[in-house]
Amino acid sequence: MIAAQGIGSGLDVSGIISKLMQVEQQPLAQLNSKEAKQQAQLSAFGSLKSVLSTFQDSVKALAKPALFNGYKTTLADTAAATASASSSAAAGTHDIEVQSLAQAQKIKSEAFATTGTIVGSGTLTIAFGTYNSDGTFTANADKAAKTITIDPAKSTLADIRSAINGANAGVTASIVNDGSGNRLVIASKDSGLANALKISVDDTDGNHADNAGLSKLAFDASTGGVSNMTETVAARNAVMVIDGITVEKSSNTISDALEGVTFNLLKANPGTNTTLTVEKDNSSVETAVNAFVKAYNDLDKTIGNLSRYDAANKQASVLTGDSTVRMVQNRMRAMLNGNQSAAGGINSLSELGISFQKDGSLKLDSNKLSAVLNNPDKNIAAFLGDIPGATTTSSTTSQAVNVSDGLISIISQPPSFTPGSLAVNISQLATQGSATGNKVAGLSINSIILLANNKLDLTINGTSASITLADGTYTAASLAAEIQSKINSNATFSGAGVSVAVTQNAGKLTITSSRYGSASSVQITGGNGKADIFGTPTQIAGQDVAGTIGGQAAAGSGKELSSNGLTLKIDGGSTGNRGTVDFVETTTTTTSTAPSTPGFITRLDQLITGMTRSDGLISNRMDGINSTIKGIGKQREALEFRLEGVEKRLRAQFTALDTMIASMNQTSNYLQQQLANLPKIGDK
């Protein structure tokens, strides 16, 4: 923008345009003010969302079951031991005596001149176990022995120390100079009698028991063992007495003697008892409830600061009158002040000492809370937590029948039965009816079937029909196939469900019905081919299966054997004892639990989540504000574009005016000069 005055007119063009543009820019200032207000509201809702999340954290802290199951311990003599309790502990008082502390065994070698003195090479095998009173050594089954190789090139006292420490063998090695020389000290990492040391040596000098070479480090305190090292600290168990009961452990940390209590033994004091008190620890609950009340009051204060109207100064806050803020506040107060689901002998927050004040804040009555916590008839965890759904148990009885013989199957069974077993005995297997020729079919090796011998009249399973064989020359086998095909394809037979198998044996044909039992029969009643093909056939009727079920005679029909509503199918096998039919009754018990009913904490947590989640109440409101801010930005861009055009137009107009005035000034000056040069009247 040019700041100089008009070149020809002397007008302050820039100043005039600037003043005019200030007027034109007033809508832009209004947009900036509106955007600043929206940004302030956006920031305010961000603060509200943040403080709601902090309050939600305090709500979730109250939902932890362990919070209400805490126990604390008090030990009268804290020099003897310390104790801590978990949620599985039980309140009570116990007499404690610490008779001895657990120790890890330590052994030392003879003195060596320097740490660089060569000791020897070979292998060291370090084992752990217990030296018994009878002089024997019992290996610790939970700790495997470890073999360490000592190389001849690295066999100094210092090298052996490093090799032992690098082997992770459950021991530590160090070198101590006691004034007489350097001694290798080996200590078990774990205390207790079962972790005493036994060191076996495989010395490269061939003698593993002498006090020379690597054998100097052998240690076996059992009877007859080689001990070239000396014990400096004996392995020992911790021994304590709890309520007159002696407890012996390998470690000074004992967590499995008194349920839910962990001891850390510090000092032995045999013969002196101290008192351990285990009681409910209410301090954590009180701390959590205080945090809950404080977090709500911070939330309430934030809402007040964001929405309060200052009547004295007639000044509104950022969110004064905002419906979303009122909704958050009203819903929170309704949840905290409303009637809760009665559980644990508690009906409302006020019974816990949590109540609203006139200013809308919460106040905690610590004495009231403490009284509830110490009342065995009150259960705060049950009141705050979800209410478990009812558990129902139902039983279903099913019956099954099993057969021990694989060739016996069940066709039908009684609708109900008494569990038990029935023996099955078969005296007669089911057979099929048949007819067998008494002569070789035909007159020669090849049977010739012509019109004179091509028909057979048969009655099979009580159904009669005739078949006509095709003319031709047959072997016994092909003739059997032809007869079988003609019978099985005959409409009368197939319509009655009749089918057969035809076989030959040494040229003699046999027709066998596929049906079993007394209703099964094959009769060759006539036809011009009967005599040539079958001669005088032997015709045998089928038999029904026969036997007993459960010692009672059963009715047989074909392969089926029936008794008292039970029908079995006997598919071959042998006669005699055929196993059992077992009647089994099974009862299945099903337990189902209905879904739990959300308790106070869950419902409050869900309410806050609904307000703070990405698609929740506050986020939706913030999305609306962001949308408004974007709209203002677009309006500003349009207005700035228009103002740029206005300024260009004004500058063009004033530039033209300046030019016109400059031209008029030039004309005026010219006229004045001309007039000045005219002769004056009276000069003549």
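What follows is calculated from the coordinates using simple rules that are stated; it is not laboratory data. Predicted model, so just to flag it, every value in this text is computed and none were measured. Don't worry about glycine lacking a Cβ; one is built from the backbone with ideal geometry, like all the others, and counts go over all protein chains shown.
In table form, for the structure just shown:
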{"quantity": "Positive-end residue of Ser596, Gln666, Ala477, charge dipole of the chain with Cβ unit charges", "calculated": "Gln666"}
{"quantity": "Gain upon complete extension [Ser180, Lys19; 0.36 nm per residue less C-alpha separation]", "calculated": "47.5 nm"}
{"quantity": "Lys, Arg +1 and Asp, Glu -1 on Cβ, resulting dipole of the stretch 112-236 about Cα centre, debye, nearest 20", "calculated": "340"}
{"quantity": "Estimated distance in nm for a label pair at Asn207 and Ala638, the labels positioned 7 Å out from Cα along Cα-to-Cβ", "calculated": "11.1"}
{"quantity": "Fully extended contour minus Cα-Cα distance, from Ser478 to Tyr309, at 0.36 nm per residue", "calculated": "49.3 nm"}
{"quantity": "Leading residue at positive end of dipole, the chain (Cβ point charges), from Phe219, Val98, Phe356", "calculated": "Phe356"}
{"quantity": "Dipole moment magnitude, nearest 20 debye, the stretch 583-668 about Cα centre, only Lys, Arg, Asp, Glu C-beta charged", "calculated": "400"}
{"quantity": "Spin-label model distance (nm) - Thr667 vs Ser412, 7 Å beyond Cα toward Cβ", "calculated": "13.2"}
{"quantity": "Taking the stretch 57-192 and dividing mean pair separation by its residue count, relative contact order in percent (alpha carbons under 8 Å, at least six apart)", "calculated": "24"}
{"quantity": "Lys/Arg +1, Asp/Glu -1 at C-beta; the chain dipole; positive extreme among Thr138, Ile608, Ser317", "calculated": "Ser317"}
{"quantity": "Separation in nanometres of the label points that stand 7 Å from Cα toward Cβ, at Asn677 and Arg326", "calculated": "8.6"}
{"quantity": "Per-residue [θ]222 nm for the chain (sum of -39500 (n - 2.57) over DSSP H runs n ≥ 4, rounded to 500)", "calculated": "-10000 deg cm²/dmol"}
{"quantity": "With 5 Å bins from 0: P(r) over the stretch 525-631, alpha-carbon pairs, percent", "calculated": "2, 8, 9, 8, 5, 4, 5, 5, 5, 4, 3, 3, 3, 4, 6, 5, 4, 4, 3, 4, 3, 2, 1"}
{"quantity": "Set of lysines near Lys508 by C-alpha distance (under 27 Å), chain-local residues within fewer than 8 positions excluded", "calculated": "Lys439, Lys455, Lys486, Lys530"}
{"quantity": "Given Lys64/Lys378; Lys106/Lys154; Lys280/Lys358, the pairs whose alpha carbons are separated by over 28 Å", "calculated": "Lys280/Lys358"}
{"quantity": "Normalised convex hull volume, the stretch 605-684, alpha-carbon set, Å³ per residue", "calculated": "92"}
{"quantity": "Rel. contact order, % - alpha carbon contacts under 8 angstrom, at least six apart, the chain", "calculated": "16"}
{"quantity": "Full-stretch length increase - Thr463, Ser47 - with 0.36 nm per residue and alpha-carbon distance subtracted", "calculated": "139.9 nm"}
{"quantity": "Cα-based equivalent ellipsoid, the stretch 432-543: semi-axes from gyration tensor eigenvalues, Å", "calculated": "21, 15, 11"}
{"quantity": "Burial ranking of peptide ranges 589-596, 423-430 (average Cβ count within 10 Å, highest at the top)", "calculated": "423-430, 589-596"}
{"quantity": "Contact order relative to length of the stretch 368-487, as percent, for alpha carbon pairs under 8 angstrom and 6 or more apart", "calculated": "14"}
{"quantity": "Neighbourhood net charge (13 Å Cβ-Cβ; Lys/Arg +1, Asp/Glu -1) for Arg636", "calculated": "0"}
{"quantity": "The chain, dipole about Cα centre (Lys/Arg Cβ +1, Asp/Glu Cβ -1), debye to the nearest 20", "calculated": "2740"}
{"quantity": "Förster radius 45 Å - calculated FRET efficiency between Asp95 and Ala167, Cβ distance, rounded to 0.05", "calculated": "0.50"}
{"quantity": "Compactness of the chain, expressed as Rg and Dmax over alpha-carbon positions, Å", "calculated": "55.3, 190"}
{"quantity": "Lysines whose Cα lies under 22 Å from that of Lys569, excluding same-chain neighbours fewer than 8 positions away", "calculated": "Lys559"}
{"quantity": "Per-q log10 I(q)/I(0), the stretch 112-236, q = 0.13, 0.16, 0.18, 0.21 Å⁻¹ (Debye; single scatterer per alpha-carbon; no solvent)", "calculated": "-0.49, -0.75, -0.96, -1.29"}
